[in-house]
Every structure is written in structure tokens, then in C-alpha cells.
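Encoded as C-alpha cells, the structure appears first; notes follow it.
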């Protein structure tokens, strides 16, 4: 547009340009999820069960292999949840996602805890190679998730080969003796072939780890300080568990039965890292092969 009549100089007028662009833009069409009630209901149902969008996408392809109209990408589900104006999935379903966030946010660097125990530790560098390559079941990663005011906790154990989860009930606190006794009780319920080793961070709650090893015949290996990736399966699982046990919650109020229910739900979810098998299915296969 010329600055003045007869002028050879031109200028950009942003408001006029935006108006022309809006007029040329085609009317928005409903997305794939909005057009297909069966697809929308399937996604809503599994989001309510706390499945991730990627898990839902794989389940759709497995359930409806010859129906491309029932196939979407996980990004399509995220767009239907987060992009305003789409209206394909209710915004409140974001509460069922692992993060529970109403808006998408970039990843932040994980908090690195400082070592709190420095004696009688056998480090992860001495752990058997069979544990490192996840070839043999029975090697576990463990940690605590902490409740309100750091006064309560739940122990979390993840089997490295299958990602099978077991939760440790700590109704009376997380002092070393309480953690030791609860871990011994939990390990005693496992078959012998699933009691090969336990990897933990350098938390003071494991001060009595030698007592645990003596009672269960399970050696304990400790991660290097500030290295949460050395217990990657456990770190990931703790993130999933925060959907059920949010930060700031009194974890002592949960019963043994409630912990078992949560663990069973996690163990029945298909996992990408397992080729979309569930942890329960993978562990059953590993045990059948070993026997």
C-alpha cells in the first residue's frame, strides 16, 4: 500500500494485512477425534484410566488394525486436550495425564539429591553385568516417594527386566529400621528367582541395608550421588505414581490394599519400552522361560 496517493514508497500495514489473511483463511474443520464419536469415547475412557496418549495410540492400532479412521498419533490427542477452540476432548481430562498440568510445559532438570550415607556401601559399578543389561529377572531398583512435610513415605520397587512394580507399605514412618523391616517383609513374598539384587540411592533410610541383605540374601548396590539415571526405571515409575499420590499428601493414610490396587493398575498398563506388553505379561514370560 503506498504511503500517499501517487507516492512510489510502500509501507506495511499490519492490521490491514491481518484482516486480509483472516478473510482468506478457510473455516476451521473439526479434527479427526471430533469427527469420530467412537474414537473420542475410546480415548476418553482410557485417559480416565490414566493411560498416556502414546499408550492409547498403540492400543487403538492393536484393537482396530484395519480401521485407519481409528488411528491417531499421540500428538493429535495432546492437541485435542490443550489447543483452545478444538473442543474435541474436555480440558479436565488433562488431570488424568501423568503431569496433571492444564498447560504444556518444557522438561526441567531433575533435582539431584546429595549423598547422606557414606559407609559400608557397595557401589553400582560392582553390580553384576546381568543386572545392567536386564537379561535376567530379579534385579530391582528402589526408592521412597515422600509425603506431606516429609513425615510419611511409600517404598517403590521396580523389577528392571519387566518394569513390574511393587509398593512397600510404611504406615509408621521411614526411619531406617522401619524401612528395613518393610523391605524384608515385601521381599519375603517374592519367589527366590526374583531376589537377586536391589539398587538404591544414597538415602539415609537404607542405613541398615546389611540387615536387609542378611535376611533376604539380596545384595544392595548404591548409585553414585546425583545420578538418578542409574535408577531410571524407578525414577520413571515414581513419576507415574504421583498421579495416585500427589505431592503434599499424607501417604500414611493409604492402606496396604490401596497400594496393591495401584500397583496392579500400573502392572496392567502396556509399556512402550516393553514393545507394548504390560509389566505383568513380560514378567510372566521371563519366569516361564527361566523355569
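Odds and ends about this structure:
- Scope segment 188-211; condition within 19 Å of residue 145 (Cβ to Cβ) and without any contact (Cβ under 8 Å) to a residue 40 or more places away in the chain; matching residues: none
- Segment 162-193: number of residues that are assigned to a loop (DSSP other than H, G, I, E, B), within 29 Å of residue 276 (Cβ to Cβ) and modelled with pLDDT of 95 or more: 3
- Residue list for segment 257-272, restricted to those being at pLDDT 95 or above, surrounded by fewer than 17 Cβ atoms within 10 Å (Cβ to Cβ) and assigned to a helix (DSSP H, G or I): 257, 258, 260, 261, 264, 265
- Applying the criterion of being within 30 Å of residue 69 (Cα to Cα) and surrounded by 11 or more Cβ atoms within 10 Å (Cβ to Cβ) to the residues of segment 1-37, the residue that is modelled with the highest pLDDT is 36.
- Output for segment 49-75, where each listed residue is assigned to a loop (DSSP other than H, G, I, E, B) and over 22 Å from the mean Cα position of the chain (by Cα): 64, 65, 66, 67, 71
The values are calculated or read from the model by the stated rules, or taken from the named source; none is laboratory data. Bear in mind the structure is a predicted one, so any value in this text is a computation, not a measurement. In this analysis, Cβ positions are derived from the backbone assuming ideal geometry, glycine residues included, and neighbour counts consider all displayed protein chains.
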